[in-house]
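Below you'll find the structure, written out as structure tokens, and then a few comments.
The values are calculated or read from the model by the stated rules, or taken from the named source; none is laboratory data. Model, not experiment: these values are computed from the prediction. Quick reminder, even Gly has a Cβ in these numbers, built from the backbone with ideal geometry, and neighbours come from all protein chains shown.
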Amino acid sequence: MDGVPTFGEYIRQRRTTANLTRPQLAWLANLSVPYLTKIEGGANPSRRVIESLTTALKLTPVDFEYALVLAEGPLPRIEPDQPTPADLEYLDLLNPAIGAYITGLWDIVAVNAAHHEFFPEMVAGTNYLEWLFFNPISRTVMVNWDNETRMAVSRFRMQLARAGEDERGAEILERCLVDPDFALLWHSDTVAVERGDLTKLVRNPRTLAITELRINLWRTQSTLQSWLLVMGTVVDRPTAVTRPVLRQRPETSRAINSPEGTMTPPRRPKNVAQGKDPMPTTPLRQLDS
């Protein structure tokens, strides 16, 4: 299904996916069949009914939140606005940390120099989702491009539901559905609220050096602003690097070419004086012929 479904359409879709008939789901959710029919037809249920249906369908917490957004409606609409000169100055002061202002539908509002260095051609006026799928450089920059696009599409589904009947959201979706990779992920119906992993690996397209970044999303003090702050910092100790394993020298060891079970004697401790050797040895004597 293209676009954002209604709550009833979503429940019918999940019921079909679970191979449940309408009477079966009504029985599991402790509802009457006529009432479930009304819900799937567009009736607005109560919170208790929503919880009963999502429990009967065994939805995940993320899917339950998505169902709540569909049932309760989108968030209040915020008119688009632009950052002030002070906001842009703050963005520049974040260097060498990555900084960008983005909207809820991931339109890039402004970026600083560090962001432009790590994410080439993702400038103000572009959309992050469109950059991922339509700009070939994204496949070079994003080391785990498949995982990044899967997570981006899953999160965009939630963002689109929160935005409601938004012309800009419909425009982004219509444009991205032309790409077969996006269409395949969109029709998988996966939903995500936040990134599962706050770190991402990016590659410099000129030097091909790989850097691990930690990404955080911040909301400004004003709740009326239509954009958020995305901040990225370089991870000093990448998790992809294995820590060295400390190995201790064994007290005894066996030579490779020695018979099985033959062990070499322990080494003499360095702090034991020569005259106070607890196990003195007798010097070798030449045998008489």
Criterion (under 33 Å from the mean Cα position of the chain (by Cα) and under 17 Å from F7 (Cα atoms)) met by exactly one of L36, L57, L31: L57
Matching residues, region 205-256, being β-branched (V, I, T) and modelled with pLDDT under 55: T223, T239, V241, T242, V245, T252, I256
Qualifying positions in region 191-204 - at pLDDT below 90, of a type outside the set (A, V, I, L, M, F, W, C) and surrounded by fewer than 16 Cβ atoms within 10 Å (Cβ to Cβ): E194, G196, D197, T199
Qualifying positions in region 8-27 - within 15 Å of T60 (Cα to Cα) and either β-branched (V, I, T) or surrounded by 16 or more Cβ atoms within 10 Å (Cβ to Cβ) (or both): Y10, I11, R14, R15, T17
Qualifying residue in region 75-98 (condition: basic (K, R) and modelled with pLDDT under 90): yes
Every residue from region 123-179 that is buried (at least 17 other Cβ atoms within 10 Å of the Cβ), touching a residue at least 60 places away in the same chain (Cβ under 8 Å) and more than 19 Å from L228 (Cα to Cα): V141, M142, L173
Scan of region 1-52 for residues that are hydroxyl-bearing (S, T, Y) and closer than 29 Å to L185 by Cα, ordered by number: T6, Y10, T16, T17, T21, S52
Qualifying positions in region 28-44 - within 14 Å of R15 (Cβ to Cβ) and in a loop (DSSP other than H, G, I, E, B): A29, L31
Leading residue by the ranking (nearest to R162 (Cα to Cα)) among those in region 19-67 that are of a type outside the set (A, V, I, L, M, F, W, C) and touching a residue at least 40 places away in the same chain (Cβ under 8 Å): Y66
Among (1) part of a strand (DSSP E or B); (2) buried (at least 18 other Cβ atoms within 10 Å of the Cβ) - the single one L217 does not satisfy: (2)
Only listed residue being under 19 Å from S154 (Cβ atoms), charged (D, E, K, R) and touching a residue at least 60 places away in the same chain (Cβ under 8 Å), chosen from D107, D81: D107
L201 in contact (Cβ under 8 Å) with a residue 24 or more places away in the chain and assigned to a helix (DSSP H, G or I): no
